[in-house]
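Report on the following structure.
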Amino acid sequence: MMKIFKKPAAFQTFCHNLRTQGTVGFVPTMGALHEGHLSLMQASTRKCDHTVVSIFVNPLQFLPHEDFSQYPRPLKRDLELCRHMNVSAVIIPTPESMYTPPFTLKVTESALSRHFCGQSRPGHFDGVLTVVLKLLNLTQPDVLFMGQKDYQQQLLIRRLIDNLNLNMRLEMVPTLREKSGLAMSSRNQYLLPQQKIDAAGIYTALKAVKAMHKGGVMDSKHLSRALAKQLKFIEGFILDYVAVVDKNTLENPGPHSRGLVALVAGYMGKTRLIDNILL
Ligand code: AMP
């Protein structure tokens, strides 16, 4: 029987007991679950004895003009999917229970979060780090599962775990895509059919830059320019940023770089889309 919790304290006690019965994997989400989320749950149920999931549209990580109130919340369907994935427990807290006043603290990171989504969405990662730290303290999992789709986010959570000595490991799960190549996202349901078709061009461009790199083009600036150029051909896509950077620091690669990541973000109409590929 899958347990459903609304109260953080009761969930915390449950997780505490669960840990005496084996390893615990944790998958934090904002709901509107799709196969990408399910692949995280599957990775968790494969590797851990128990899997717990959170569904929480975190107000702290949305900017005032963003889609917090419109964000899809198909809760009944989400819970059915979790049940189907053999999840042991789900926490669906209210904002009030997560941020009971006086709530006067937040987690800020000052290097990885300065660029890219952190620059385009000021304060966004403070909100993410704060909620994830809270959820990790409630769950205290052995393994935290996060998607490669939000590459900068998983890198920041890795930094949170290392810097604050959290006793767990993070496993990054590859991005699940539609047949067209479009990265699955809860926000894809905002897209019109034609926008969805056009948005698949983002992954085509990322694959092309990976092929260039494989073919011997090593200069990150050159790769980034080539990527930007190809993205310009996507109908209706307004580029926010494009970059080819060190996959661990998100800085320009130096001699000790252990690999590159190509990052893209932009808008199809009002819908923000992000994607990336490891080179
Ligand atoms: P979200 O509900 O969008 O906050 O995402 C919850 C978790 O699912 C995050 O770790 C995401 O990176 C991950 N995720 C979202 N979309 C995908 C995808 N297409 N493939 C793999 N993981 C994903």
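Assorted remarks:
- Test: residue in the stretch 214-227 that is within 14 Å of the ligand (Cβ to nearest atom) and either closer than 25 Å to Ala43 by Cα or of a type in the set (A, V, I, L, M, F, W, C) (or both): no
- Residue pairs meeting the criteria (Cβ under 7 Å; at least 6 apart or on separate chains; first touching a residue at least 24 places away in the same chain (Cβ under 8 Å), in the stretch 16-33; second small (Gly, Ala, Ser) and within 16 Å of the ligand (Cβ to nearest atom)): Gly25/Ser44; Val27/Ser44; Pro28/Ser54; Thr29/Ser54; Met30/Ser186; Ala32/Ser186
- All helices (runs of 4 or more DSSP H) inside the stretch 17-118 with 2 or more residues being within 15 Å of the ligand (Cβ to nearest atom) and out of contact with any strand residue (DSSP E or B) (no Cβ under 8 Å at 6 or more places or on another chain): 35-47, 75-84
- Exactly one residue out of Ala199, Ala183 is within 21 Å of the chain's Cα centre (by Cα), within 30 Å of Val107 (Cβ to Cβ) and either buried (at least 19 other Cβ atoms within 10 Å of the Cβ) or among the acidic types (Asp, Glu) (or both), and it is Ala183.
- Within the stretch 234-252, being out of contact with any Gly (no Cβ under 7 Å at 6 or more places or on another chain) and surrounded by 19 or more Cβ atoms within 10 Å (Cβ to Cβ) holds for Val242, Ala243, Val244, Val245, Leu250.
Each row is one residue, and each column tells you yes or no for (1) more than 10 Å from the ligand (Cβ to nearest atom); (2) in contact with an Asp or Glu (Cβ under 8 Å, 6 or more places away or on another chain); (3) not basic (Lys, Arg).
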position: Leu133; (1), (2), (3): yes, no, yes
position: Gln140; (1), (2), (3): yes, no, yes
position: Met146; (1), (2), (3): no, yes, yes
position: Ile157; (1), (2), (3): no, no, yes
position: Asn165; (1), (2), (3): yes, no, yes
position: Ser185; (1), (2), (3): no, no, yes
position: Gln189; (1), (2), (3): yes, no, yes
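Here's the yes/no breakdown for (1) surrounded by 18 or more Cβ atoms within 10 Å (Cβ to Cβ); (2) in a strand (DSSP E or B); (3) in contact with a helix residue (DSSP H, G or I) (Cβ under 6 Å, 6 or more places away or on another chain):
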{"position": "Leu135", "(1), (2), (3)": "yes, no, no"}
{"position": "Leu144", "(1), (2), (3)": "yes, yes, no"}
{"position": "Lys149", "(1), (2), (3)": "yes, no, no"}
{"position": "Arg158", "(1), (2), (3)": "no, no, no"}
{"position": "Asp162", "(1), (2), (3)": "no, no, no"}
{"position": "Asn165", "(1), (2), (3)": "no, no, no"}
{"position": "Met172", "(1), (2), (3)": "yes, yes, yes"}
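- Criterion: of a type in the set (Ser, Thr, Tyr), in contact with a strand residue (DSSP E or B) (Cβ under 9 Å, 6 or more places away or on another chain) and over 22 Å from His115 (Cα atoms) - qualifying residue of Ser186, Ser220, Ser224: Ser186
- Selection over the stretch 247-256 of residues that are under 19 Å from Arg159 (Cβ atoms) and at pLDDT below 95 gives a count of 2.
The values are calculated or read from the model by the stated rules, or taken from the named source; none is laboratory data. Quantities reported herein were computed from a predicted structural model and do not represent experimental measurements. Quick reminder, even Gly has a Cβ in these numbers, built from the backbone with ideal geometry, and neighbours come from all protein chains shown.
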